[in-house]
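Report on one structure; see the data block that follows.
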Amino acid sequence: MIYDAFNGDADGICALHQLRLAEPIDSTLITGVKRDIGLLKQIDAVAGDEITALDIAVEKNAAALAAFLEKGVKVRWFDHHNPGELPVHPNFHASIDTAADVCTSLLVDRHLNGKHRIWAVTAAFGDNLHAAARAAAGPLALSDAQLDQLRELGECINYNGYGDSLADLHFHPAELYRLLHPYSDPFAFMRESAAFKTLSEGYAADMANARASQPFEARAGGAVFVLPDAAWARRVSGVYANDLATAHPDRAHALVTRSPKGHYVVSVRAPLNNKSGADELCKRFETGGGRKAAAGINVLPEERIPDFVAAFFAAWPD
């Protein structure tokens with residue numbers, strides 16, 4: 001059996017889309033909301049099975065990965081997050097690059113020698129890597145208007161991945177992948193798919209709510225926003241952080257969103273002009289992690305918010 005385990009955001013979906021356009025196969029899809037990255041524990045693979053993992057950290061799946069490798073399962077991994085210590089095993093093949101201007105879809109694009117690059121460009125825009133997206137798009141000779149369309153598509157797919165649970169999302173990420181996968185041309189998907197219309201309209205409405213919010217605390221070096229326990233706030237927690245980062249490239253940003261479970265979920269973006277430090281900040285808190293430019297904390301108790309705010313402004317002082 002073949003398993004594809006992928007992050008439910010734009011990078012994970014577009015990475016798998018490229019791969020399966022180039023290597024068509026009937027696989028079992030394993031995915032969830034963007035922060036659900038311990039996906040290998042959902043797989044019941046046996047010797048001779050194959051797993052492809054995309055845009056999820058090795059470190060968060062280490063125990064399950066080791067068990068599968070020893071069982072005789074073949075695993076290949078594409079990712080741009082800090083992997084921790086990588087296993088050395090004949091059944092394991094990894095393409096991992098943690099550079100701040102790389103996403104998983106760009107790694108799959110390397111693997112495929114640019115065969116479906118337009119989807120890697122879409123994913124890079126969705127991951128707020130605008131310069132990398134435009135650089136990758138160079139050989140495609142796209143117009144500025146077409147690049148803007150790909151940016152919108154990437155942002156909408158990425159937006160769909162954020163939520164406290166699958167109930168917050170417009171589409172289950174596996175469903176969205178299936179709706180998107182028949183299209184090798186992203187512009188055709190945007191023209192023809194009702195799913196894109198749903199995402200585009202939802203994105204516009206939720207972002208209007210977000211842009212009406214005021215910062216909890218703002219200084220020259222950064223700004224912290226606290227968002228309410230509402231589905232729209234959970235859906236935009238990552239994409240609004242990207243939007244703020246683009247609008248204020250010299251400033252760091254944090255969105256602290258209340259979960260219906262009572263704790264808070266945090267999205268952090270380092271300044272675009274100095275894409276480092278987000279992972280180090282978030283790892284100081286239990287359930288925190290990510291990459292240098294963008295990271296998060298899955299569970300932040302309310303009483304730890306002052307500690308987080310103090311650490312945030314210490315990391316990016318005035």
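The values are calculated or read from the model by the stated rules, or taken from the named source; none is laboratory data. Computed from a predicted model, the values in this text were never measured in an experiment. Don't worry about glycine lacking a Cβ; one is built from the backbone with ideal geometry, like all the others, and counts go over all protein chains shown. Heavy atoms of the whole protein, side chains included, go into the accessibility calculation; ligands, DNA and RNA do not. Shrake-Rupley method; radii C 1.70, N 1.55, O 1.52, S 1.80 Å.
For the criterion of being farther than 29 Å from ILE96 by Cβ, touching a residue at least 12 places away in the same chain (Cβ under 8 Å) and basic (Lys, Arg), ARG291 fails. When the residues of region 70-96 are filtered to those that are assigned to a strand (DSSP E or B) and closer than 11 Å to ALA45 by Cβ, the one that is most open to solvent (accessible area, probe 1.4 Å) is LYS74. Restricting region 159-199 to residues that are under 19 Å from the mean Cα position of the chain (by Cα) and of a type in the set (D, E, K, R) leaves a set whose member that is surrounded by the most Cβ atoms within 10 Å (Cβ to Cβ) is ASP164. Summed over region 25-69, residues that are surrounded by fewer than 20 Cβ atoms within 10 Å (Cβ to Cβ), farther than 14 Å from HIS93 by Cα and over 22 Å from the mean Cα position of the chain (by Cα) total 9.
Filtered by the rule that a residue be open to solvent by 10 Å² or more (accessible area, probe 1.4 Å) and part of a helix (DSSP H, G or I), region 1-24 gives ARG20, LEU21, ALA22. For region 101-121, a tally of residues being closer than 25 Å to ARG35 by Cβ and either at pLDDT 95 or above or buried (at least 22 other Cβ atoms within 10 Å of the Cβ) (or both) returns 11. In region 132-176, what residues are closer than 20 Å to GLY296 by Cα, of a type in the set (Phe, Trp, Tyr) and either touching a strand residue (DSSP E or B) at 6+ places or on another chain (Cβ under 6 Å) or part of a loop (DSSP other than H, G, I, E, B) (or both)? Result: TYR162, single match. Of the residues GLY202, GLY221, the single one that is over 19 Å from the mean Cα position of the chain (by Cα), open to solvent by less than 60 Å² (accessible area, probe 1.4 Å) and of a type outside the set (Asp, Glu) is GLY221. Would you call ALA124 open to solvent by less than 30 Å² (accessible area, probe 1.4 Å) and either of a type in the set (Gly, Ala, Ser) or in contact with a helix residue (DSSP H, G or I) (Cβ under 9 Å, 6 or more places away or on another chain) (or both)? Criteria met by ALA124.
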